[in-house]
Structures are given as structure tokens and as C-alpha cells.
Amino acid sequence: MAANKRKLQGKSSGGNNNNSRSTNNRNNKNNNKEGNNNKKEDEQPKKEKPKKRSALTKCLASLCGGKRLVGDYHVSSKMATDTVNKLLLKSSDLITLRRSFEEIDIDESGELDYDEFLEFMEARRNTFTDAVFRLIDINGDGLLEFDEFVAICGSFCMWNKDEILTFCFNTFDADGGGTIDEEEFEALAKTIAGKDPSFPGNFQQALEQFDTDGDGLIDRDEFRQMNQRYPMVLFPMFHLQDKMQRCTLGERRWTQIMKQQYKLNIIRDFRYSSDLIFDATH
């Protein structure tokens with residue numbers, strides 16, 4: 001009996017030892033799993049919060065084409081299509097013009113009003129800005145659509161000095177008579193007096209000074225002489241053109257287009273002269 005008891009105690013103690021070993025093994029496995037999980041969590045890189053772009057970065061992104069276009073850059077009206085074909089504008093030019101248009105369009109209405117135009121040009125309202133806006137606003141509704149914007153950029157930005165002087169002359173020649181009369185010259189003198197302090201303040205004195213032939217009218221040649229003597233008078237117009245060039249396609253691109261047009265004009269003139277010679281000899 002005693003021997004049997006010792007055998008049973010031995011078995012029971014052995015069983016307990018086996019149970020304790022299996023329990024320890026399970027605990028060790030669990031601990032190893034927890035340790036491995038902790039290592040994996042430690043090894044995973046932490047996600048960084050996206051950095052906010054600075055105003056300079058946004059500006060550069062916009063200049064480099066990072067800004068998404070809101071509207072279509074294609075043109076459909078005849079005036080805009082003629083401008084594109086005449087100047088051989090590329091798709092990249094139209095995209096750049098569309099970006100400029102949308103930069104000016106502060107309220108994102110898809111149209112430009114006079115206030116947005118003045119703010120873009122950094123100019124105060126005067127006779128010159130009124131005339132330019134009337135030239136731009138082809139349909140006369142007081143708003144500029146993209147097609148109108150393309151058409152005026154292709155015209156105003158391409159003018160040479162003489163063409164700008166002609167536009168200024170026509171601005172004050174309200175009745176289109178080809179000369180500036182006393183009433184029209186008075187409006188001109190008032191505009192000029194605020195631009196150039198050296199300009200004669202007395203209206204009649206100014207008229208006599210520039211009316212070289214004494215007919216009481218200012219013709220185109222006399223108007224050009226006035227500009228040579230008082231160049232600051234028409235400076236706002238040249239400034240408007242410079243501003244529009246820089247803020248649309250850029251001076252460099254407009255210069256390229258001008259040179260291209262100059263070469264094309266030479267070729268056209270040559271062909272025209274050749275045709276005349278051919279017709280004369282046959």
C-alpha cells in the first residue's frame with residue numbers, strides 16, 4: 001500500500017511539473033509575441049503631418065503652372081480666333097492668357113469688370129483708362145469675357161509708339177473729325193495738367209503754343225510735337241501697355257511675337273512687290 005501511494009504521489013508531482021512547464025512555455029510564447037509586436041510598432045515610421053505651403057510657394061506654383069485652370073482656354077468668337085491666327089499664338093500662349101484672366105477675375109465670376117481691370121493695371125480711373133476699357137469691352141456690356149481679353153491683348157500689347165499716339169489722339173478727337181478742336185483740347189489740357197506740372201495751366205495759352213498753323217485746331221503732327229515736348233503727358237498709356245505685357249505673356253514672349261510679325265510683313269511686302277513686277281512685265 002505504501003509503495004502504491006509513493007507511485008501515485010510521484011505521478012501527481014510529475015503531472016504538476018509538466019503542467020507548470022507547459023504553462024511557463026505558453027507564457028514565454030505570449031511574452032515573445034508581445035515583444036515582437038512592440039518591435040514592429042517601434043520599427044514603423046511615424047507619419048509626418050503635411051507642411052503648409054507658404055505664400056511664396058503658392059505664388060511660384062501659380063507662375064510655373066501649378067494652378068488649375070477654372071475655365072476653358074479655347075476661343076470661339078471671330079475676333080479672338082482672328083487674333084490667334086494672325087499672331088500665330090500657341091496653345092501654351094492661350095493657357096497663359098487664361099491664367100492671367102483668372103488672376104484678374106477676383107470674384108471668380110468668369111468675367112472682368114472695370115474695378116477688377118483698374119486694380120490689375122494698378123491705375124486710377126482717367127480718360128486713358130476709360131478709353132482702353134471701351135476698346136477692350138467690344139460688346140459694350142461693361143464686362144470682359146475671355147475672348148475679348150484675348151482680342152485686346154493681341155491688339156494693345158502689339159502697338160508701337162506711333163500707334164499708341166494715334167490711339168491717344170483719337171481718344172480726345174471725340175467727334176472723329178481728324179483734329180482736336182477747342183472743346184476737345186480743353187478736356188485734353190485738364191487731363192494733362194494733372195500728369196505734367198510743367199504743362200501750361202492756361203488753356204488758351206496751351207492751345208496757342210501747340211497750334212503752330214494758327215487754325216485753332218490740333219492736328220496729328222502737332223499732337224506728336226506736343227508729346228515730344230511733354231513726354232510725361234502720355235506716359236500713362238505706355239505704362240498701361242507695359243503692365244499688360246508683363247502680366248499676360250511677358251515682355252519676352254510679346255517681343256518674340258512682334259519680331260515674328262515683322263518678318264512675316266517683310267515676306268508679304270516682298271511677295272506683293274514681286275507680283276506687281278510680274279504683272280507689269282507680262
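Brief remarks on what is shown
- Where helices (runs of 4 or more DSSP H) sit wholly within region 89-192, those with at least 3 residues that are surrounded by 19 or more Cβ atoms within 10 Å (Cβ to Cβ) and modelled with pLDDT of 85 or more occupy 91-104, 146-156, 161-172.
- Any hit, region 228-236, residues being modelled with pLDDT of 85 or more, over 13 Å from Phe185 (Cβ atoms), part of a helix (DSSP H, G or I) and out of contact with any His (no Cβ under 9 Å at 6 or more places or on another chain): yes
The values are calculated or read from the model by the stated rules, or taken from the named source; none is laboratory data. Bear in mind that the values here come from a model prediction, so they are computed numbers and not experimental data. Cβ: placed from backbone, ideal geometry, glycine included. Neighbour counts: every protein chain shown.
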